[in-house]
1. Check 92, 108 and return the single one that is surrounded by fewer than 17 Cβ atoms within 10 Å (Cβ to Cβ), of a type in the set (Phe, Trp, Tyr), in contact with a strand residue (DSSP E or B) (Cβ under 9 Å, 6 or more places away or on another chain) and not assigned by TED's automatic domain parsing to the domain that holds residue 25.
2. Being closer than 21 Å to residue 206 by Cβ and buried (at least 19 other Cβ atoms within 10 Å of the Cβ) is the requirement here; does residue 156 meet it?
3. Within region 142-192, work out how many residues are of a type in the set (S, T, N, Q) and within 19 Å of residue 56 (Cα to Cα).
4. Report yes if some residue within region 161-175 is basic (Lys, Arg) and surrounded by 19 or more Cβ atoms within 10 Å (Cβ to Cβ); otherwise report no.
5. Among the residues of region 218-228, is any surrounded by 15 or more Cβ atoms within 10 Å (Cβ to Cβ), within 17 Å of the chain's Cα centre (by Cα) and modelled with pLDDT under 85?
Amino acid sequence: MSEMNQIQSVQGNKTVYFSSRSEAGNILAAQLNKYFSELTTVLALSSGGVLVGTEIAKRLHSSIALLLTKDVYLPDGRTIVGIINETGGFVYNNYFSPSEIEEFESEYRNYIEQAKMQALHEIHVALGRGGIIKPEFFRNRVIIAVTDATFNGMAFDMAYDYIKRIKYRKLILVSPIASVKAIDKMHVIADELLCLSVSEEVYNIDHYFDDNEMPSQEEVLDIINNTILNWDNPNDSNPKRSRQIKRNLY
């Protein structure tokens, strides 16, 4: 993480609405065009993040991967205590104080561990065709972590927990919509932030998009694979670079 974080907010505190996540991705991609000549990997943090991130990956001729995650709840079934990813990495909900987390660990340790195991099993079942994320996707690259909206910054906490052990060049956190709280959290771990709208009000993510049809897991994998296949298309202005990236990934 660099000493001076760069925060870009195209629309400031004015709430912005989008026809689709792809539209938001295209707007964000235009702001990231300066990274076209660099080795980049887009790290999507949700299915909605894939729809946003694919447009960025297409513009930058970048690789794209999905870090699949699942919320872990306390026994009440409503309180999210943390989030786990497909590799077993777990971070606590940053809403809670260290003393509250310590209390949860004391009172609910066995329950939380069982819930984590169940969530990890469900992730592996959902993957079906196998894992879709590898450390070498990110090594010595500019990482662009993307979601479709963030209100607590937990998804980015998880992304950082995964990549912090990997030697990367820069971490850029990208979201069309973010709350003020999330921006504060993102600022701590990012080298650069890009957000189109910082919202004081927090609504359901779907509130900000007209089209809220989400892809199935199978469709998500197809989107990711098709993005990679399109690197070496006839309109690629730098095909030598695209071939180099593709060789490095396999």
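The values are calculated or read from the model by the stated rules, or taken from the named source; none is laboratory data. These figures come from a predicted structure and were not determined experimentally. Here the Cβ positions follow ideal geometry from the backbone for every residue, glycine too, while neighbour counts run over all protein chains shown.
1. Numbers: 92 fails: surrounded by fewer than 17 Cβ atoms within 10 Å (Cβ to Cβ).
After applying the criteria, what remains is 108.
2. yes
3. 3
4. no
5. Yes; the residues of region 218-228 include at least one that is surrounded by 15 or more Cβ atoms within 10 Å (Cβ to Cβ), within 17 Å of the chain's Cα centre (by Cα) and modelled with pLDDT under 85.
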